[in-house]
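What follows is one structure encoded as structure tokens, with my remarks underneath.
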Amino acid sequence: MSENKKYNVAIAGATGAVGGAMLDVLKRRDFPINELRLLASERSIGKKINFNGKEIAVQLLSEDAFEGIDIALFSAGATRSLDFAPAAVKAGALVVDNSSAYRMNPEIPLVVPEVNPEAIAKHKNHGIIANPNCSTIQMLVALKPILDKVGIKRLVISTYQAVSGSGADAIAELDAQVKDYAAGNEMKASVYPHQIAFNCLPHIDSFLENGYTKEEMKMVNETRKIFGDDSIAITATAVRVPVFYGHSESVNIETKAKITVAEVKELLANAPGVKLTDDVENNIYPLATNCESEFDTLVGRIREDESIENGINMWVVSDNILKGAALNTVQIAEVFIKEYK
Ligand code: NAP
Ligand code: 3JN
């Protein structure tokens, strides 16, 4: 990165839950910005968003919107990424895409900077880097040190995912249902097929022919791609819970060689992006209520799986909108400008 160089940055989907968090992360990490261009749908044209004391008017996401842009952060859904990322690349921008549109394309890197930063070099293929699914990102940050030390044979995962993962409308839906319940009114569901308040829905994204949901298979396929190992056996159950921010995950790991609980704790205490949060005698373990606005992924309840020879259980919690989306995207852009610009 050239000293003092500043970049023209566009955010596609700037008015959304993730887009808003991107603005916050760019500010908090003092990303070197010259011009910031905010893009969204027709509904938001002209809406003013404050960034570092300056009011910026939202413009329409279109093929012509990327002239002069160096880095385009996409978070407006997979269809918009497929429709407009090529135009951004053509205009000379690097695209970091938060959607599932390009994740499984073998020519496009899928990156968690703490795990496989070297893959960023492959941005040269198409000018696009894909950001993984939120549930995958936080799990891999916690698993990487264990993978490197003893290898991983099998993962059994259950997720407890916050409604913010479904966007601004879902946050409003949970809020409205809780208020309706308290007021004795009927609760209305439109984002989810069932009431989410006081409930757990074993259904995230659509169902596939194999009986899993797309969210569950994203965890399987993205983990294998990022770790570069298709032989890891993985099974996941993804559940939506009535929490606003913070995905929690129960992760059962069968390792290739023995590792003790003490060794796992030592590895995770020194792992980048991880905050070891494991002091059960004092009721300290990762909680969704403690991860909001936190850049690190919290890992605790680390214990041996006594039902198999080489097994570890842990509980992994992270702010899904930050490390699961906006922060990881900005971190990718930071590595890009440091190493390749
Ligand atoms: P959201 O709160 O519903 O926001 C959606 C954003 O996309 C808004 O800025 C919206 O603009 C814009 N948009 C929608 N349709 C558009 C169109 N036709 N043209 C231009 N802009 C359009 O959703 P979100 O939670 O921020 O998520 C957005 C996307 O990010 C998701 O669809 C997903 O692909 C990705 N995501 C990834 C992760 C992850 O796991 N890494 C997590 C969450 C989300 P308006 O306000 O003008 O409608
Ligand atoms: O539900 C969650 O907690 C995460 C949701 C992610 C998401 C939501 C809508 C569309 C995605 C994603 O990132 O996989 C997508 C998508 O781009 O397919």
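The values are calculated or read from the model by the stated rules, or taken from the named source; none is laboratory data. Fair warning: this is a prediction, and the values are worked out from it, not measured in the lab. When we count neighbours, we look across all protein chains shown, and the Cβ atoms used for this are built from the backbone with ideal geometry, even at glycine.
Brief remarks follow.
- Total residues in the stretch 159-218, condition within 11 Å of ligand 2 (Cβ to nearest atom) and in a loop (DSSP other than H, G, I, E, B): 8
- Among the residues of the stretch 79-130, the one identified as acidic (Asp, Glu), farther than 26 Å from residue 142 by Cβ and not in a loop (DSSP other than H, G, I, E, B) is 83.
- For the stretch 159-175, a residue qualifies if it is over 16 Å from the mean Cα position of the chain (by Cα) and more than 7 Å from ligand 1 (Cβ to nearest atom), and the qualifying residues are 170, 171, 172, 173, 174, 175.
Okay, residues lined up against (1) farther than 12 Å from residue 15 by Cβ; (2) surrounded by fewer than 18 Cβ atoms within 10 Å (Cβ to Cβ); (3) among the hydroxyl-bearing types (Ser, Thr, Tyr):
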{"residue": "46", "(1), (2), (3)": "no, yes, no"}
{"residue": "49", "(1), (2), (3)": "no, no, no"}
{"residue": "54", "(1), (2), (3)": "yes, yes, no"}
{"residue": "61", "(1), (2), (3)": "no, no, no"}
{"residue": "68", "(1), (2), (3)": "yes, yes, no"}
{"residue": "72", "(1), (2), (3)": "yes, no, no"}
{"residue": "81", "(1), (2), (3)": "yes, no, yes"}
{"residue": "85", "(1), (2), (3)": "yes, no, no"}
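- Meets criteria (in contact with a helix residue (DSSP H, G or I) (Cβ under 9 Å, 6 or more places away or on another chain), more than 16 Å from ligand 1 (Cβ to nearest atom) and touching a residue at least 60 places away in the same chain (Cβ under 8 Å)) for residue 276: no
Yes/no matrix, rows are residues, columns are (1) in contact with an Asp or Glu (Cβ under 7 Å, 6 or more places away or on another chain); (2) farther than 30 Å from residue 301 by Cα:
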site	(1), (2)
52	no, yes
66	no, yes
71	no, yes
87	yes, yes
101	no, yes
107	no, yes
116	no, no
135	yes, no
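- Contact annotation: residue pairs with Cβ atoms under 6 Å, 6 or more positions apart or on different chains, pairing a residue in the stretch 319-341 that is within 17 Å of residue 167 (Cβ to Cβ) with a partner that is away from ligand 2 (no atom under 14 Å from the Cβ) and not in a helix (DSSP H, G or I), are 319/292; 319/294.
- Total residues in the stretch 50-80 satisfying the condition of being more than 18 Å from residue 168 (Cβ to Cβ) and either within 13 Å of ligand 1 (Cβ to nearest atom) or touching a strand residue (DSSP E or B) at 6+ places or on another chain (Cβ under 8 Å) (or both): the figure is 15.
- Strands (runs of 3 or more DSSP E) completely within the stretch 1-78 that count 1 or more residues being under 15 Å from residue 331 (Cβ atoms): 7-12, 71-74
- Any hit, the stretch 282-289, residues being modelled with pLDDT of 95 or more and within 16 Å of ligand 2 (Cβ to nearest atom): yes
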